[in-house]
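Trainee: Dropping the structure in here first, questions after.
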Amino acid sequence: MIADTRARNRRMNAFDKREPVWLFGYGSLLFKAGFNYFERRPARVRGWVRRFWQGSHDHRGTPQAPGRVLTLIEQPGGVCEGMAYRVAPAVFAPLDTREKNGYLRLALSITLDDGHEVSGLAYIAGPDNAAWLGPAPEADMAAQIATASGPSGRNRDYVLKLAEALRQLGYADAHVFGIERRLRSLAKGCAGPGGE
Ligand code: BEZ
């Protein structure tokens with residue numbers, strides 16, 4: 001079980017001599033980059049989908065009451081739409097620290113909005129990390145997210161900001177929008193779309 005991914009990410013240095021590097025953002029990077037970049041372009045990765053399957057002990061939850069944050073899951077035929085940032089390799093050290101609770105840099109092929117394929121990186125948390133939660137019924141995920149909170153703020157706000165960022169980009173994501181709908185229902189005191 002990996003609890004701190006910084007050392008492994010330092011060894012994932014295949015792109016460190018290439019300047020610049022494309023970094024694919026699919027989660028909080030859609031609404032808060034927090035680093036300098038040369039350019040950013042709407043982009044997609046094929047064969048991956050975003051899911052709230054990673055636990056957050058250090059940003060949107062605590063070890064006692066983890067939040068749920070996004071990771072990418074491999075799914076044949078799936079597509080994840082996001083944003084590609086062209087960055088200097090120096091950007092990765094602070095990101096490795098920010099995302100140390102389970103995320104590893106993974107090399108993947110990114111399709112930019114003009115159709116060009118570029119090689120780049122994304123931060124992905126897999127089932128072998130200590131904060132991994134995995135799948136759960138949508139209603140259970142929403143209930144967990146509704147109450148979780150951590151040093152970076154409420155887990156609920158992370159989902160709502162993300163859904164808003166996706167909408168502004170013209171992306172539809174049934175997984176994110178489904179959880180968003182349930183969070184809004186829970187806030188109104190309703191049982192939720194499924195009636196559970
Ligand atoms: C992202 O927004 O792409 C992201 C998700 C998890 C960790 C780091 C970045």
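We did not get these values from a lab; they are worked out from the coordinates using the rules stated. Since the structure is predicted, the reported quantities are computational estimates derived from the model, not experimental observations. Don't worry about glycine lacking a Cβ; one is built from the backbone with ideal geometry, like all the others, and counts go over all protein chains shown.
Trainee: When only alpha-carbon atoms are used, what values of Rg and Dmax, in angstrom, describe the chain?
Mentor: Considering the chain through its Cα atoms, Rg and Dmax are 16.4, 53 Å.
Trainee: Count the net charge of all other residues whose Cβ sits under 12 Å from the Cβ of Tyr158, scoring Lys and Arg as +1 and Asp and Glu as -1.
Mentor: Net charge in that neighbourhood comes out at +3.
Trainee: At 7 Å along Cα-to-Cβ for each site, give me the label-to-label distance between Asp157 and Phe177 in nm.
Mentor: Rounded to a tenth, the inter-label distance reads 2.6 nm.
Trainee: Against the longest principal axis of the chain, how steep is helix 155-168, in degrees 0 to 90 to the nearest 10, with axes from Cα atoms?
Mentor: 60
Trainee: With labels modelled as points extended 7 Å from the Cα through the Cβ direction, what inter-label distance (nm, one decimal) is found for Arg46 paired with Gln168?
Mentor: My value for the distance between the label points is 3.0 nm.
Trainee: Can you give the Rg/Rh ratio of the range 105-174, where Rg is from the C-alpha atoms and Rh is the Kirkwood radius? Walk me through the numbers before you get to the answer.
Mentor: Values: Rg = 15.5 Å, Rh = 15.0 Å.
Answer for the range 105-174: 1.03.
Trainee: Now a separate question. Taking the 0 to 90 degree range and rounding to the nearest ten, how far is the long axis of helix 174-187 tilted relative to the main principal axis of the chain, both from C-alpha atoms?
Mentor: 40
Trainee: Give the share of C-alpha pairs in each 10 angstrom bin for the range 10-63, from 0 to the last occupied bin, in whole percents, shortest bins first.
Mentor: 16, 39, 39, 6
Trainee: Between the helical axis of 138-147 and the dominant principal axis of the chain, each derived from Cα atoms, what acute angle in degrees is found, rounded to the nearest 10?
Mentor: Between the helix axis and the principal axis of the chain, the angle is about 90 degrees.
Trainee: Simple spin-label model, 7 Å along Cα-to-Cβ: Asn13 to Arg98 in nm?
Mentor: Result: 2.3 nm between the two label points.
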